[in-house]
Structures are given as structure tokens and as C-alpha cells.
Amino acid sequence: MEDQTENKVYEEPEEVETGYEKCDACGSNMKYDPQSNMLYCEHCGSKRAFGTGEQAEELAIENALKEGNAGSWNEETKVFRCENCGAKVVLSKAETATCCPFCGTAQVVEADELAGLKPNAVLPFKLTADDSNEACKKWAKGKVFAPRAFKKNLKAENMRGVYIPCFTFDSATFSRYYGRVGKRHTRTVGSGKNRRTETYIVWRNISGSFNHRFDDVTVTAGSKVTQRDLGKMGPFDSNNSRSYDGKYLLGFTSYHYEKDIVTCWGEAKRSMDAEIKRLILSQYSYDVLDYINISTSHADVTYKYVLLPVYAGHFSFKKKDYNFFVNGTNGKVTGKTPVAVWKVLLTVLAGAAALAGLAYLVMQFM
Ligand SMILES: [Zn+2]
Ligand SMILES: [Zn+2]
């Protein structure tokens with residue numbers, strides 16, 4: 001009998017082409033340098049300008065949605081062969097830029113090797129890894145309840161520059177709405193012993209139409225950074241993103257989207273809906289919302305598939321790991337710090353003491 005397993009062919013991961021840049025002066029590897037906005041040779045210090053620096057274009061969403069599969073992809077692991085040292089390097093899921101672990105050559109997967117939609121915009125890093133470490137320290141200093149030792153020794157390890165895949169959407173919205181809001185009033189009723197104040201609500205029907213133009217509503221399409229983290233690090237000046245050029249990615253890690261544009265567009269619409277509701281209601285003075293019904297249509301919808309720059313690092317303190325994300329353009333940090341219990345207790349006690357003191361004073365004057 002034939003052994004089935006022996007006939008099974010081991011499937012090699014698909015090989016992809018990567019791009020890299022060599023220094024003209026010394027032949028070493030070049031990386032993107034956030035400070036000069038040029039390629040930089042760490043070996044001899046040479047710099048090289050590249051690209052036209054033109055602003056990224058907005059693309060009509062219809063084209064992206066028409067492509068049948070709506071730009072979703074699901075591919076197995078990929079590898080590339082490092083041309084510098086010959087090593088075969090495995091890329092983790094969705095990874096599109098990395099450095100060869102054997103020789104350090106910065107590599108970027110060629111855009112036409114990517115499945116589905118190709119990135120068309122990139123917001124380049126402005127801060128260096130050192131800058132982002134400083135930003136972390138400053139941020140931790142402002143955390144009142146964090147232990148002193150944590151603030152003093154904080155040095156994020158393995159601060160890595162990572163490009164996060166996101167979709168941004170523009171839309172001209174037109175909404176019709178109707179609903180009912182109420183305002184609380186008080187009146188005095190009864191007389192003599194029964195005289196009292198009561199609250200009543202005056203209801204008012206509202207309806208109308210509302211226009212609002214949204215610009216660059218950003219939805220994260222990767223799995224590394226959550227929407228909440230993205231918001232906390234924001235704003236990212238995605239309107240100033242450049243036309244996609246793989247050279248911006250040299251020396252950094254980058255990822256391809258894992259959530260397709262249909263899903264992301266759905267999320268963007270939900271956040272636009274919430275904003276429209278907030279804006280409509282802000283036109284009225286009311287205390288209670290009974291209900292509001294809003295129907296919205298979208299026109300001139302455009303998108304960008306943009307890579308946003310984030311530094312990711314962690315710091316271990318008392319055997320626990322604390323993760324940070326830092327906006328690679330403005331240094332805004334998101335993350336958690338440990339809490340010194342005694343500091344919290346002291347604050348609570350001080351609050352209680354102040355209250356007791358106040359009560360004592362009041363008693364004195366009663
Ligand atoms: Zn060089
Ligand atoms: Zn190599």
C-alpha cells in the first residue's frame with residue numbers, strides 16, 4: 001500500500017521580490033532618515049534625496065469596490081531572498097518591509113507583489129527612535145500615580161518604527177432627520193402647606209436637513225494597533241501624506257492591510273453617523289432626547305490607502321511588560337503605566353482630610 005503522506009509535496013512559501021538601496025559611495029545599505037527626509041548611509045554618512053515629494057492623491061472609492069474581491073486577500077507566508085547575504089527570510093503575516101535578520105539590509109516588498117489594493121500614500125516618520133524614547137519619558141513624568149522608579153528608569157526597549165496600514169475616507173454627506181427633544185422646566189404648584197416645586201418637560205418636534213463634508217476619517221486596517229490607540233496618538237496629518245514610495249519604508253517594518261476596504265468603509269460610515277448625530281443635536285438646546293431618526297447619503301467618496309508612522313516599544317518593570325505606541329510625527333504617546341498604590345491612597349486620604357476640615361469649619365460657623 002502506498003503511503004499517502006510520502007506523496008505529499010511540501011509547499012514552499014511563495015518568494016517575493018524586495019527592493020533595497022545601496023550607498024553610491026561605499027556600497028552599504030541605505031535607510032530612510034526621518035530628520036533629513038532622505039536616504040542615509042549609516043556606514044559613511046552619505047545622504048541621497050529621492051522622489052518628488054508630491055502629495056498623495058485621493059482615489060474614487062467606486063474603483064476599489066468594483067474590483068470584485070473588494071480588495072481582500074488571504075495569502076500564506078512569504079519569503080524573500082536577501083540579495084546582500086543570500087539568506088532566505090520569512091516574512092510574518094502581512095509584513096511588507098523589514099531588515100534582513102542576518103545582515104541588516106533594509107528590504108521592502110515591491111508594491112506589485114502585494115495582493116489586493118496597493119498602498120498609494122505614506123506619511124513619513126519625522127521623529128527618530130531616540131526622539132520617541134524622549135517622548136515616552138516625558139509622557140510617563142506626567143503620570144501622577146506612576147511609581148518614581150518607573151518614571152526615572154523608563155527606557156523603552158526595542159523601539160521599532162512600524163508603518164500601520166490605514167484607510168482614510170472623504171465624503172460629502174447629506175442627511176434628513178426628524179425627532180423629539182425635551183427641555184426641563186420647574187413650576188410651583190399648590191398653596192400653603194402643599195406648596196412645592198415640580199419639574200416638567202416641554203417636548204418639541206425637530207426635523208430638517210444637514211450637510212457635512214468629512215475629510216480623512218481614518219480607520220486602521222491592520223491588527224497591530226487598535227482604533228482606540230490610533231485615536232489616542234492622533235491626529236496624524238494624513239492630508240500631508242506623500243505619494244507611496246517604498247524608499248520611505250527602508251529600515252522600518254511595514255504591514256499590508258488585514259481588514260479590507262469594505263469593512264473599513266463600514267466602520268468609517270458608523271463613525272460619520274455618530275458625528276452627524278452629534279452635530280445635528282448641537283444645534284438645539286435641550287435636556288432630554290426622546291428619539292432622532294437620521295438617514296444619510298454619501299457623495300464624492302474618496303479614499304487613500306495610507307501607511308502611518310508609529311514607534312512601538314516596551315519596558316519591563318517588576319517583571320511586567322508595559323507597551324507603548326508613539327506617533328512618529330508628533331510624539332503623542334499611548335500606553336499604560338504601573339500604579340503606585342500608596343500614591344493613590346495618599347490622594348484619597350488627603351481628599352478625605354480636606355473634606356473633614358471643611359466640615360469642621362462649617363460646623364464652627366453654624
Ligand atoms: Zn556609504
Ligand atoms: Zn541579508
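Computed from the coordinates by the stated procedures, all read-outs in this text should not be read as laboratory data. Values in this document were obtained by computation on a predicted structure and should not be read as measured data. Quick reminder, even Gly has a Cβ in these numbers, built from the backbone with ideal geometry, and neighbours come from all protein chains shown.
In summary, the aspartates and glutamates within cross-link reach of residue 259, defined as a Cα separation below 15 angstrom excluding same-chain residues under 8 places away, comprise 75, 95, 267. Taking other Cβ atoms within 10 Å as a rough exposure proxy, 294, 276 sort from fewest to most as 294, 276. In the stretch 204-340, taking the dipole from charged Cβ atoms about the Cα centre, the farthest positive-side position among 293, 257, 212 is held by 257.
Among beta bridges from DSSP that stay inside the chain, the antiparallel ones total about 95%.
Compactness of the chain is given as radius of gyration and Dmax, 28.1, 105 Å, from Cα positions.
Each peptide in 234-247, 334-347 receives the mean, over its residues, of other Cβ atoms within 10 Å, and ordering these scores from highest gives 234-247, 334-347.
Rounded to the nearest 500, the 222 nm mean residue ellipticity of the chain from helices alone is -7000 deg cm²/dmol, with -39,500 (n - 2.57) taken per DSSP H run of at least 4 residues. Between the C-alpha center of the stretch 284-312 and that of the stretch 177-192 there is a gap of 32 Å. Cross-link reach is defined here as a Cα-Cα straight distance under 20 Å, omitting same-chain residues fewer than 8 places apart; for residue 152 the aspartates and glutamates meeting it are 130, 131, 134, 321.
Its Cα gyration tensor gives the stretch 242-366 an equivalent ellipsoid; the semi-axes, largest first and in whole Å, are 44, 33, 12.
Derived from the Cα gyration tensor, the three semi-axes of the equivalent ellipsoid of the stretch 211-274 are 23, 15, 12 Å, largest first.
Each listed q (0.23, 0.26, 0.33, 0.35 Å⁻¹) maps to a log10 I(q)/I(0) for the stretch 122-162, found by the Debye formula over equal Cα scatterers with no solvent: -0.77, -0.89, -1.15, -1.21. Checking the Cα-Cα distances for 126/247; 137/320; 137/304 against a 26 Å cut-off, the pairs over it are 137/304. Greater than 19 Å separation of Cα atoms is the criterion. Which listed pairs, 224/332; 155/336; 31/336, meet it? Checking Cα-Cα distances, 31/336 exceed 19 Å. Give the cross-link partners of residue 183 among the lysines, using a straight C-alpha distance below 21 Å as the criterion and excluding same-chain residues fewer than 8 apart. Excluding near neighbours in sequence, the set is 277. Dimensions of the stretch 158-286 based on its C-alpha atoms, expressed as ranges along the principal axes with the largest first, amount to 83, 37, 24 Å.
Counting only whole DSSP H helices of the chain, the ones at least 24 Å long by C-alpha along their axis and with mean Kyte-Doolittle hydropathy no lower than 1.6 are 341-365.
Quarter the surface of the alpha carbon convex hull of the stretch 299-341 and you get the mean projected area, 5.5 square nanometres.
One quarter of the convex hull surface built on the alpha carbon atoms of the stretch 252-305 amounts to 6.4 nm², the projected area averaged over directions.
Convex hull volume of the C-alpha atoms in the stretch 144-222, normalised per residue: 247 Å³. Taking other Cβ atoms within 10 Å as a rough exposure proxy, 136, 103 sort from fewest to most as 103, 136. Taking one quarter of the surface of the C-alpha convex hull of the stretch 93-182 gives a mean projected area of 13.4 nm². Size descriptor for the stretch 14-132, Kirkwood hydrodynamic radius: 16.5 Å (Cα pairs only, one decimal). Under the criterion of Cα pairs below 8 Å and six or more residues apart, the relative contact order for the chain equals 25 percent. Across the options 162, 200, 109, the greatest Cα extent toward the positive end of the charge dipole of the stretch 91-224 (unit charges at beta carbon of Lys, Arg, Asp, Glu) belongs to 200.
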